[in-house]
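Reviewing the structure listed below.
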């Protein structure tokens, strides 16, 4: 891919959509009410780094995401089953890959009667926020608060709200699930900000040197990475009996986010007697979203079945064969 084409792609991806395939995106906060935000008029900047599209070093236009949004996918009339899922795409805490992960996943969920909310959260930026490491968490907690406060509007059962995260979005989601008492937004109504279940797709879980995805760790808590911060954000160390039931997807040959992230989190869930299910691909690598092209069996069908049938007490490992 040429440098020029890469710049065009990243420029297009950097635009926050207010209409995506007929779906409406709404601002997550009222104007001027984004917690911890530093005001700026600059929407994008140019950086030199590794493109997750090609894996090569290139010049990219990086979005600053001043206003987080929720893009809402509702099931067809009369097809809602009362379940909802908030989706956090990946992007190494540097970008948010909604077009590759969040939006396709939302379409799949909505087709199954599940109301989906794609959260375009803020990526950590010292020039845009007073405390960059909590900004994505604030956005997730605000999204959970919004969905629960508007449950009747969207025909949602407040006890059936899950959250899905891909890659670094999986780290964000697992942080919310394993740190339920760390509240970073105003919650005067005392809304329950813990999800009822989690779905983690090739997730970053640990910030330990031997397991972590270094770019995600650097972007969230760098450059001064302390042992205390590494421990705090190594989510496999914070699983307990109150951690939400979890469905996890990963590829054994993932060379970007080690599968050991998933295996250690799954082991911690089992040790804490938290209902968990794991879907392992032999092949597929990283970043395939809802479609792993190395196999005909996809993770989405068993995951949706797990959600809709409350199959939260079964703990099985799936190893689909490659083509």
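The values are calculated or read from the model by the stated rules, or taken from the named source; none is laboratory data. Values in this document were obtained by computation on a predicted structure and should not be read as measured data. A quick note on method: Cβ atoms are made from the backbone with ideal geometry, for glycine too, and the neighbour counts reach across all protein chains shown.
Just a few scattered comments:
- Residue in the range 263-276 that is touching a helix residue (DSSP H, G or I) at 6+ places or on another chain (Cβ under 9 Å), part of a loop (DSSP other than H, G, I, E, B), at pLDDT 95 or above and surrounded by 24 or more Cβ atoms within 10 Å (Cβ to Cβ) present: no
- Some residue of the range 152-163 being closer than 16 Å to residue 90 by Cβ and at pLDDT 95 or above: yes
- Test for residue 165: is it out of contact with any strand residue (DSSP E or B) (no Cβ under 7 Å at 6 or more places or on another chain), touching a residue at least 24 places away in the same chain (Cβ under 8 Å) and more than 17 Å from residue 184 (Cα to Cα): no
- Some residue of the range 204-214 being crowded, with 20+ Cβ neighbours inside 10 Å and farther than 23 Å from residue 126 by Cβ: yes
- Unmet requirement for residue 284, which otherwise passes all of (1) without any contact (Cβ under 8 Å) to a residue 40 or more places away in the chain; (2) surrounded by fewer than 23 Cβ atoms within 10 Å (Cβ to Cβ); (3) touching a strand residue (DSSP E or B) at 6+ places or on another chain (Cβ under 9 Å); (4) not in a helix (DSSP H, G or I): (2)
- Restricting attention to the range 135-157, the residues that are assigned to a loop (DSSP other than H, G, I, E, B) and crowded, with 20+ Cβ neighbours inside 10 Å add up to 1.
- Test result for residue 79, in contact with a helix residue (DSSP H, G or I) (Cβ under 9 Å, 6 or more places away or on another chain), surrounded by fewer than 17 Cβ atoms within 10 Å (Cβ to Cβ), at pLDDT 55 or above and at negative phi: yes
- Lone qualifier among 132, 108 - being buried (at least 19 other Cβ atoms within 10 Å of the Cβ), touching a residue at least 40 places away in the same chain (Cβ under 8 Å), touching a helix residue (DSSP H, G or I) at 6+ places or on another chain (Cβ under 8 Å) and assigned to a helix (DSSP H, G or I): 108
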